[in-house]
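Notes to accompany the following structure.
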Amino acid sequence: MTGTTDDYLHEAEIYDVLWADLNSFDLPFLLSMAAEFGGPLLEIGCGTGRVLLPCMEHVDRAVGVDRSPSMLEQGRANLSASGVPEERVRLVEADLRSFDLGERFNLVLAGGQTMFHLETDDDWLAALATIRDHLQPGGRFVAGVPVFQEADFRDYHKKQLFVDEIRHPRTGLRIALWDYSTFDFEKQSITRRRVSEVLDEQGLVIERRHDIRKNIYRFPPEMRKLLEQAGFRIEAEYGDYDRGPYTEESEDFVWVATVEGRKEDQPC
Ligand SMILES: C[S@@+](CC[C@H](N)C(=O)[O-])C[C@H]1O[C@@H](n2cnc3c(N)ncnc32)[C@H](O)[C@@H]1O
């Protein structure tokens, strides 16, 4: 697991602007899951509530868990601005490998590569056990992650690349983002060093921020095995967010899983 510091500190306030494209990418599918299965809903790694808050159209109650105080702070601001009554949503600071909310959910979602923040098999198994313990009988765990192709990485490896220039949603200042990433193909890790430059209207840098974040990407056979090991059964898997079949060429791996034969779910 990457360090204990808040690795979204400089991204939280701009996350929703930076990742706005995701809202036409994975969100319709995740919303359809909330509509189909209903709540109560738990999102692990809920961040700013990008997924969780729109889901409130389909569920009565939801809990979001995240370890980043800055993402949760932005999530709370988004909740206030959303008009969703605050008593319907609980945002909890916790590590997704070990939390106990004292209740069970009909649907657990993990959107936006949250699962790739888990480093080791033990991290995955701890997180999956925690999710399993929070599912109601017959509940679903739905998540999606990209399928990384090594060839794509070669273009990004050890190069300083311009990512985007956006306007800070609160200050209105321009922010230019640059990434320098390294890939360890054996360990399946991506270490991204990001420089965020705050610019004045002439484009001169008035402040520079540095962040480092590590992700471990997994391939579908590994994820299937970990899910099975943790007692999940994959009910459906897709290769995109339009419910297309998963194939060797798919760019995403999306699953709907249930808990397999849990003892406490059997009738007495
Ligand atoms: C890429 S963001 C996704 C946010 C949101 N789900 C979305 O789709 O917009 C990943 C989130 O997972 C959280 N996260 C990563 N590792 C975590 C852990 N071990 N426990 C709790 N949250 C974690 C991060 O703080 C971050 O907010």
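The mean sequence separation of alpha-carbon pairs under 8 Å and at least six residues apart, normalised by the residue count of the chain, gives a relative contact order of 16 percent.
Using only the C-alpha atoms, the convex hull of the range 86-190 corresponds to 150 Å³ per residue.
Lysine pairs in the chain with Cα distance under 17 Å, only those 8 or more apart or on different chains: how many are there? Each step should come with its number before you reach the end.
On the way: Lys158/Lys187; Lys158/Lys214; Lys159/Lys214; Lys187/Lys214.
Close lysine pairs under the 17 Å cut-off: 4.
Principal-axis analysis of the Cα atoms of the chain puts helix 121-133 at an angle of about 50° to the longest axis.
Return Leu199, Leu227 ranked ascending by Cβ neighbour count within 10 Å, so the fewest neighbours appear first. Could the numbers behind the result be given before it?
Details: Leu199 15, Leu227 22.
Fewest to most other Cβ atoms nearby, the residues stand as Leu199, Leu227.
Relative to the longest principal axis of the Cα atoms of the chain, the long axis of helix 220-229 makes an angle of roughly 40 degrees. The reciprocal of the average 1/r between distinct C-alpha atoms defines the Kirkwood hydrodynamic radius, which for the chain equals 19.5 Å.
Charged side chains reduced to their Cβ positions (Lys and Arg at +1, Asp and Glu at -1) give the chain a dipole of some 340 debye around its Cα centre.
Spatially, the range 20-37 and the range 53-110 are offset by 16 Å when compared through their Cα centroids.
Maximal additional length on extending the Glu235-Glu248 stretch stands at 2.8 nm, based on 0.36 nm per residue less the C-alpha distance.
Only the coordinates and a few stated rules stand behind these numbers; no lab work does. Nothing here was measured: the structure is a model prediction, and the numbers come from that model. All Cβ positions, even for glycine, are placed from backbone atoms using ideal geometry, and neighbour counts span all protein chains on display.
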